[in-house]
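Single-structure report; data block below.
Readers should treat all values here as calculations from the given coordinates under stated rules, not as data from a laboratory. Only a predicted model underlies this, so the values are computations on that prediction, with no experimental measurement involved. Every residue, glycine among them, receives a Cβ derived from its backbone with ideal geometry; neighbour counts consider all protein chains shown.
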Amino acid sequence: MQAEVNDILETSLQKAREHDRTGNVGKAYAYYTIVVELCPAKRSEIEETFTDVLCEWGIQLAQENRFSDIVHCYKHSLDIYPNNPRMLNNFAAHFLRNDDPIRAIEYLRRALKVAPNFLPAERNLQNAYSMAVDRWHFTMLNDKWRNNAFEQAIRKRINQGYDTVLDLGTGTGLLSLYVKDAGAKKIYACECSDVMTLIAKEVFESNDATDVKLIPKLSFDLKIPMDISERVKLIVTETFDAGLFGELVVPSMINVHMNILDPNGTVIPMGATVYTAAIECEHIRYRSSVIFDKVKENCPLNFHDVCVLSDDEYYDTENLEKVQINYVTEPQMLLTVNFNNLLELQEFCKDGIKQILRAKCKYNGIMDGLVTWFKLHLDEEITLDSSDRKSCWQLAVFPAVPTACHEGDTLTIKAEMSKSKLKCSYSTDNARAKEECKFLYRLPKEVIVFLNDFDYIKLLTEIGRYQESRKIKYILDTSPFPIYGLTLLKECKASEILYYKTDNPMLRSLIERVAQDNGIRGKVHMISNYDEIPCSLDSIFVHNFDIKGELRDGQDSCYEIFRYLLKRNGILLPEKIFLMGQLVYSKDLPNMAYVQDANLQKSSCPFNTHSDRV
């Protein structure tokens, strides 16, 4: 019997190694599994190889969208190797790619318990915490002026008899604690995020507030009497982003007025006023549009009549406290909204133009877009201003193509609601400005930031020109925009084809236009997958950094593909990567990383227990 087992082990191990060598990692994993199951004594001997094969097999399964098979394979493998930190970390990485940070955290903590200094797991754990709880929660909870204002407004309304309350979008549960402390008779709190519901539950338990009924639902799904026994007298909510309406507060208010709030009830906040101004801001210009005049200084490519803006559908958000910003026009009131008037809310929620303003430019300069901010009227006396430098809210930025303006030019500013969110734009009576941009492309911010990195663009151009004398016929460029590859096509007579991988139709269109304007039309081949490349390549440029400056996750499989595609004497760039780090002091980072109890008006709130969730 043992002889038969030994034969099976020997055969399985041989086949596992053969399949691993030929790249058939699925079968290799299956045979290695037979070996470690039949012979526990061999587990430590082949653990590293087994882990490598499982990693490769998991990547293949992910590419085929077979997530349930990934879970099955990793769970089975961890039954065999429960304390393998690489395996635990890789399994967690699959959960992160599948937008499931809670399950990822479980395995990453296990990995770090086994190997406390295992940096890949530590990095992934920090990413998981950030995915689980957005950093703006901490900035918001550290805004003591906001917290104090809500606490006062809530106490006033409850003292006036509005003592049955729904906290809409409770988040961490802070407003519900204020409601309880003010003496409300019945308190309901709804929250649709699984993560925030878990945190709110812990917070209520830690603060003797288990009588707050926590309902893990969207407010649209609340029913009387199943979820709430009867209509409440008071709705409290702080579901406002920098653009005020981005978290769909208006349709939420309409729903609770119709289905949850007593006809004589009220809402905190009672209303809001939105303000706007046109601005000149170099920081926004470089983050939202491409400065082609400077790109051309360092690059031989022509970008005739081309403008690029961020593809954000509505607006971006910026903290402009430490940024140079000039108001091209005087600030003006743009909109008002009354959260206690159902008819007004229903009319306001309809798609369409809500306001048109005229404004005069104050000086000769450059307009980079509009900013908006708001005043939140919690009651008749208490108001929060999002433009206050101490506020947790950033400004909403509606970028535009940078346009020269002159003193006295008239702007027409338009505000509209689209899918319950705010959109703002402007036009000018300056005829010269209208001539400046013929072709507008809206592209991801990663492309914009890349093209505005003029030192990097200059370096890529120099590399392309330096290789002019080499016979580089076929090229692959993985950059956000293929400056290196396009430069080779234009400057190097031997270069024939550039392969570029993207499924973004707007980016494809821009690259094709640039190729046409530079006399290399037909030489750029757009692909969706690397397996569409039919030939060996002379040069591959790998841009393996994300917009935050970190190395991209999951690049191992791509490098295997690149090594396969590259000719034996081909060029792989960059040749080396140097990573540098620096310790810094910051007054702002603590407010984004943990909650200071002194900012909460209630020192017993244990929010700091969640600081490790960032």
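Of LYS201/LYS223; LYS294/LYS587; LYS294/LYS576; LYS156/LYS419, which ones are farther than 25 Å apart at the Cα? From LYS201/LYS223; LYS294/LYS587; LYS294/LYS576; LYS156/LYS419, over 25 Å: LYS294/LYS587; LYS294/LYS576; LYS156/LYS419. With 19 Å as the limit, the listed pairs LYS421/LYS548; LYS180/LYS233; LYS360/LYS421; LYS322/LYS390 have LYS421/LYS548; LYS360/LYS421 beyond it between alpha carbons. In vacuum, with every alpha carbon of segment 348-450 counted as one equal point scatterer, what does the Debye formula give for log10 I(q)/I(0) at q = 0.10, 0.17, 0.25 Å⁻¹? Two decimals, please. The Cα Debye sum returns log10 ratios of -0.39, -1.04, -1.33. Over all orientations, segment 414-524 has a Cα convex hull whose mean projected area works out to 9.3 square nanometres. With 0.36 nm allotted per residue and the present C-alpha distance subtracted, the GLN596-THR22 stretch has 201.0 nm of extension available.
Across all Cα atoms of segment 272-446, the radius of gyration (one decimal) and Dmax (whole number) stand at 17.4, 61 Å. Full extension of the segment from GLU10 to ARG123, taken as 0.36 nm per residue of separation minus the current Cα-Cα distance, would add 36.8 nm.
What does the charge add up to near LYS501, with Lys and Arg as +1, Asp and Glu as -1, over the other residues with Cβ less than 11 Å from its Cβ?
Spelling it out: positives minus negatives among the neighbours equals -3.
Positive end of the dipole of the chain (Cβ unit charges, origin at the Cα centre): among SER528, ALA111, PHE339, the Cα lying farthest that way belongs to SER528. If you take the alpha carbon atoms of segment 137-238 and fit the smallest convex hull around them, that volume is 89 Å³ per residue.
A helix-only calculation puts the chain at -12500 deg cm²/dmol for mean residue ellipticity at 222 nm, using -39500 (n - 2.57) for each DSSP H run of at least four residues, averaged over all residues. Computed with the Debye formula from one identical point scatterer per Cα of segment 1-134, without solvent, the log10 of I(q)/I(0) at q = 0.10, 0.11, 0.22 Å⁻¹ comes to -0.35, -0.42, -1.27.
Ratio of Rg to Rh for segment 210-315: 1.26 [Cα atoms; Kirkwood radius as inverse mean 1/r over pairs].
FRET efficiency for ILE80 and GLU407, Cβ-Cβ distance as r, R0 = 60 Å, nearest 0.05?
After rounding to 0.05, the efficiency reads 0.20.
Between GLU230 and ASP588, the distance separating the two model label sites (each 7 Å from Cα on the Cα→Cβ line) works out to 5.0 nm. Annotation: the residues LEU486, LEU395, sorted from fewest to most other C-beta atoms within 10 Å of their own C-beta, follow the order LEU395, LEU486. With the simple spin-label model, which puts each label point 7 Å out from Cα in the Cβ direction, the GLU550 to ASP455 separation comes to 2.3 nm. An oblate overall shape is assigned to the chain, the ratio a/c of its alpha-carbon gyration tensor axes (a ≥ b ≥ c) being 1.5 or greater and a/b not exceeding b/c. For segment 154-212, rounded, prolate or oblate, judged on the Cα gyration tensor with a ≥ b ≥ c (square roots of eigenvalues), a/c < 1.5 rounded, else prolate if a/b > b/c? Taking the square roots of the gyration eigenvalues as a ≥ b ≥ c, segment 154-212 is prolate.
Between ASN326 and ARG97, what is the FRET efficiency for a Förster distance of 25 Å, r being their Cβ-Cβ separation, to the nearest 0.05?
Computed FRET efficiency for ASN326 and ARG97 comes out at 0.05.
In terms of surrounding Cβ atoms within a 10 Å radius of their Cβ, ARG86, ARG157, ARG442 rank from fewest to most as ARG442, ARG86, ARG157.
Peptide packing: for 403-413, 468-478, the average count of neighbouring Cβ atoms within 10 Å per residue gives the ranking 468-478, 403-413, highest mean first. In terms of surrounding Cβ atoms within a 10 Å radius of their Cβ, CYS424, CYS558 rank from fewest to most as CYS558, CYS424.
About the centre of its Cα atoms, the chain shows a dipole size close to 700 debye [charges on the beta carbon of Lys, Arg (+1) and Asp, Glu (-1) only; nearest 20 debye]. Annotation: extensible slack from ASP194 through GLN346 equals 51.8 nm (criterion: 0.36 nm per residue apart, minus Cα-Cα distance). Relative intensity of segment 77-188 on a log10 scale, I(q)/I(0) at q = 0.09, 0.18 Å⁻¹, equals -0.42, -0.82, per a Debye sum over C-alpha point scatterers of equal strength in the absence of solvent.
Peptides 148-155, 349-356 ranked from most to least packed, by the mean per-residue count of other Cβ atoms within 10 Å: 148-155, 349-356.
Return the whole-Å distance between the Cα centroid of segment 5-57 and the Cα centroid of segment 519-598. Distance between centres, Cα-based: 32 Å. Taking the charge dipole of the chain about its Cα centre, with +1 at Lys and Arg Cβ atoms and -1 at Asp and Glu Cβ atoms, the residue from THR139, GLN582, ILE254 reaching farthest to the positive side is GLN582. Counting every alpha-carbon pair across segment 373-422, the share separated by more than 18 Å comes to 58%.
Working from label points 7 Å from Cα in the Cα-to-Cβ sense, the ARG389 to ILE353 distance is 3.8 nm. May I ask for the net charge around GLY169, where only other residues with Cβ less than 9 Å from the Cβ of GLY169 are counted and Lys, Arg are +1 while Asp, Glu are -1? My count for the surroundings of GLY169 gives -4. Placing +1 on the Cβ of every Lys and Arg and -1 on the Cβ of every Asp and Glu, with no other charges, gives segment 256-340 a dipole of roughly 100 debye about its Cα centre. Please pull out the direction-averaged projected area of segment 472-534, using the convex hull of its alpha-carbon atoms, in nm² to one decimal place. Result: a mean projected hull area of 3.9 nm².
Please give the net charge around LYS113, taking every other residue with its beta carbon less than 13 angstrom from that of LYS113, where Lys and Arg add +1 and Asp and Glu add -1. Show your work: numbers first, answer last.
Values: positive: ARG109, ARG110; negative: GLU106, GLU122.
So the environment of LYS113 carries a net charge of 0.
Over the chain, calculate the relative contact order: mean separation of alpha carbon pairs under 8 Å at least 6 apart, over the residue count, as a percent. With pairs under 8 Å counted, the relative contact order is 12 percent.
Could you sort the peptides 66-76, 565-575 by per-residue average Cβ neighbour count (10 Å cutoff), highest mean leading? Walk me through the numbers on the way to the answer.
Working: 66-76: 15.7, 565-575: 13.0.
In decreasing order of mean packing, 66-76, 565-575 become 66-76, 565-575.
Would you please classify the overall shape of segment 465-573 from the alpha carbon gyration tensor, given that a ≥ b ≥ c denote the square roots of the eigenvalues, rounded means a/c under 1.5, and beyond that prolate means a/b larger than b/c while oblate covers the rest? Oblate, since a/c reaches 1.5 and b/c is not below a/b.
Positive end of the dipole of the chain (Cβ unit charges, origin at the Cα centre): among TYR188, PHE374, PHE450, the Cα lying farthest that way belongs to PHE450.
Taken about its Cα centre, segment 272-446 carries a charge dipole of about 300 debye when Lys and Arg each add +1 at the Cβ and Asp and Glu each add -1 at the Cβ.
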